[in-house]
Amino acid sequence: MLSIQFTGDGIRRFRQLSQELGDGTATKVYSRAINDTGKVAATATGRALAAQTGLPARTGARAVKKQTRSTPATLAFEIHAQGGQIRVKYFKPRETQAGVTAAPRNNRQLFVGTFMTAGWWPNRVKKPNWNGQVFYRVGEKFSVAKTDVYIPKEAVIGETARTFDQSKDKLDVRVTHYLKRIAGGALS
């Protein structure tokens, strides 16, 4: 879970606004600004997550789709990154004689002993009900191959975490925007 928090100057400014405008108005202003900033942060985080993991952009967006919006009572916006161990299927797999190659974290690697099609080389055939899935044998049966990429772990490291942290800087701009709207042009 990623969350936006006030620190240092943000807390001082909030206390000052609470004294000048009243607690109710100040919390409404901050709640709206937090929600605006949170939506921007979620979009940027989803894009960065997709780029960092090597997943399609829509998958990154879906991974951070669940959000808890700010209210005047909570003054918190939460992005819930969800997803388990990602299957090899989603990382542009290609079958070779040695196994399937795929690109988790944009780094192409060989998954030895895995396969996507049936039959013996060179007469391999695609099975329509396999849907591009990558498998490996377990005795007489086979199981779906997965990578070591976990969306919640990836969301708090690397470029994704930096992107989220940078979006927090936009909170002050949104607070100023809402204060100008309340003041009706008295502020410039």
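Taken over region 72-84, residues that are within 30 Å of Tyr136 (Cβ to Cβ) and open to solvent by 30 Å² or more (accessible area, probe 1.4 Å) amount to 3. Being closer than 21 Å to Thr59 by Cα, loosely packed, with under 13 Cβ neighbours inside 10 Å and within 24 Å of the chain's Cα centre (by Cα) is a description that does not apply to Asp169. One residue stands out in region 70-105 among those that are in contact with a strand residue (DSSP E or B) (Cβ under 7 Å, 6 or more places away or on another chain) and free of Cβ contacts under 8 Å to residues at least 40 places away in the same chain: the one that is nearest to Thr43 (Cα to Cα), namely Lys92. If the condition is being open to solvent by less than 30 Å² (accessible area, probe 1.4 Å) and not polar (S, T, N, Q), then region 94-105 contributes Gly99, Val100, Ala102, Ala103, Pro104. Taken over region 41-69, the criterion of being in contact (Cβ under 8 Å) with a residue 24 or more places away in the chain and not hydrophobic (A, V, I, L, M, F, W, C) is satisfied by Thr45, Arg47, Gln52, Thr53, Gly54, Pro56, Thr59, Gln67, Arg69. Among the residues of region 49-68, those that are assigned to a loop (DSSP other than H, G, I, E, B) and either closer than 17 Å to Lys153 by Cβ or of a type in the set (Phe, Trp, Tyr) (or both) comprise Gly54, Leu55, Val64, Lys66. Among the residues of region 106-126, just one is surrounded by 11 or more Cβ atoms within 10 Å (Cβ to Cβ) and either in contact (Cβ under 8 Å) with a residue 40 or more places away in the chain or more than 14 Å from Glu95 (Cα to Cα) (or both), namely Asn106. For region 173-183, a residue qualifies if it is touching a helix residue (DSSP H, G or I) at 6+ places or on another chain (Cβ under 7 Å) and under 11 Å from Thr37 (Cβ atoms), and the qualifying residues are Arg174, Val175. Looking at Arg58, Arg87, Arg62, Arg69, just one residue is farther than 30 Å from Leu171 by Cα, basic (Lys, Arg) and open to solvent by 40 Å² or more (accessible area, probe 1.4 Å), and that residue is Arg87.
The values are calculated or read from the model by the stated rules, or taken from the named source; none is laboratory data. Here the structure is a predicted model, which means the values were calculated and not measured. Please note: Cβ atoms are built from the backbone with ideal geometry, for glycine as well, and neighbour counts cover all protein chains shown. Accessible surface is based on the protein model in full, side chains and every heavy atom, while ligands, DNA and RNA are left aside. Shrake-Rupley method; radii C 1.70, N 1.55, O 1.52, S 1.80 Å.
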